[in-house]
Ligand code: BJW
């Protein structure tokens, strides 16, 4: 029984209609990363940041999981060993595609976080700067998103999973952001077979033993069929 650990990035949700970050017309071409994805940007202009995530929350609610999300859910349901999805994505398309074991290492659009007491609660579709925390009352609600310079979530458990992985697959991620970009090295140290699914080689593409090039909706679905037919 093999343990499969899957890392996903914005590319897996692209065919559902969500923008990636680093494409020519992607999110970072439309917004300055320092303004919308850093704690300093939030301190300077909370309204700008809250509105950026309000718009993303709205867009994410209007799109549907694609064949790649659904194939990973099928893999989790039918594979005899464990299957865990570690996603850098803040949308909920894995969950809506049927996956149950999903870890959101960069946070989630559907969650709000109190910067004062770290209480979390379901985010309303439209957050406003200065919203009060329902637990401590402090007007310091923020989107529950991991910005640059902040520690991604569940790192201890993630490194434990990587240390026990037999197969590590990275899907639709450019390999530009750490610590996620370093997971392939960690999985290889543990002896896992490593596979990259992307339209092109990522920045850490040379670390992978196998490459499946093409749209995730096709390559991931075909790979899941192969894994399940091997038993
Ligand atoms: C398809 C496809 C299709 C398209 N099919 N594929 C110097 C060196 C090393 C590290 C650092 C450094 N200076 C600073 C750092 C640390 C920093 C970092 O990595 N910076 C880099 C820019 C260098 N990292 C951090 O600050 C992180 N925290 C941290 O390190 O804490 C300390 C720590 C220490 C030790 C252990 C652990 C921690 C926090 C990073 C937070 C990232 N936040 C963001 C924004 C918030 C979320 C949001 O708004 O949604 O997360 S940035 C953004 O990038 C977002 C993404 O999750 C992340 C990754 O992007 P992703 O998913 O790879 O998207 P793209 O657009 O880059 O790529 C899409 C890919 O899909 C492409 O390759 C396409 O080809 C492909 N594709 N269509 C298949 N149909």
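The values are calculated or read from the model by the stated rules, or taken from the named source; none is laboratory data. Because the structure is predicted, anything quoted here is derived from the model rather than measured. Heads up, the Cβs are rebuilt from the backbone with ideal geometry, glycines too, and the neighbour counts pull from every protein chain shown.
Quick grid of which residues meet (1) assigned to a loop (DSSP other than H, G, I, E, B); (2) farther than 17 Å from residue 54 by Cβ:
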{"residue": "77", "(1), (2)": "no, yes"}
{"residue": "99", "(1), (2)": "yes, yes"}
{"residue": "135", "(1), (2)": "yes, yes"}
{"residue": "142", "(1), (2)": "no, no"}
- Message: When you check residue 137 against the structure, is it surrounded by 17 or more Cβ atoms within 10 Å (Cβ to Cβ), modelled with pLDDT of 95 or more and at positive phi, yes or no?
- Response: no
- Across the stretch 141-171, the tally of residues that are in contact with a strand residue (DSSP E or B) (Cβ under 6 Å, 6 or more places away or on another chain) and near the ligand (Cβ under 6 Å from one of its atoms) stands at 2
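Residue-wise test of (1) surrounded by fewer than 19 Cβ atoms within 10 Å (Cβ to Cβ); (2) not assigned by TED's automatic domain parsing to the domain that holds residue 201.
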{"residue": "12", "(1), (2)": "no, no"}
{"residue": "23", "(1), (2)": "yes, yes"}
{"residue": "43", "(1), (2)": "yes, yes"}
{"residue": "51", "(1), (2)": "yes, yes"}
{"residue": "71", "(1), (2)": "no, no"}
{"residue": "78", "(1), (2)": "yes, no"}
{"residue": "86", "(1), (2)": "no, no"}
{"residue": "95", "(1), (2)": "yes, no"}
{"residue": "100", "(1), (2)": "yes, no"}
- Message: List the residue pairs whose Cβ atoms are under 7 Å apart, where the first residue sits in the stretch 129-150 and is under 21 Å from residue 179 (Cβ atoms), the second is at pLDDT 95 or above and near the ligand (Cβ under 6 Å from one of its atoms), and the two are 6 or more positions apart or on different chains.
- Response: 145/90; 145/106; 146/106; 146/152; 147/37; 148/37
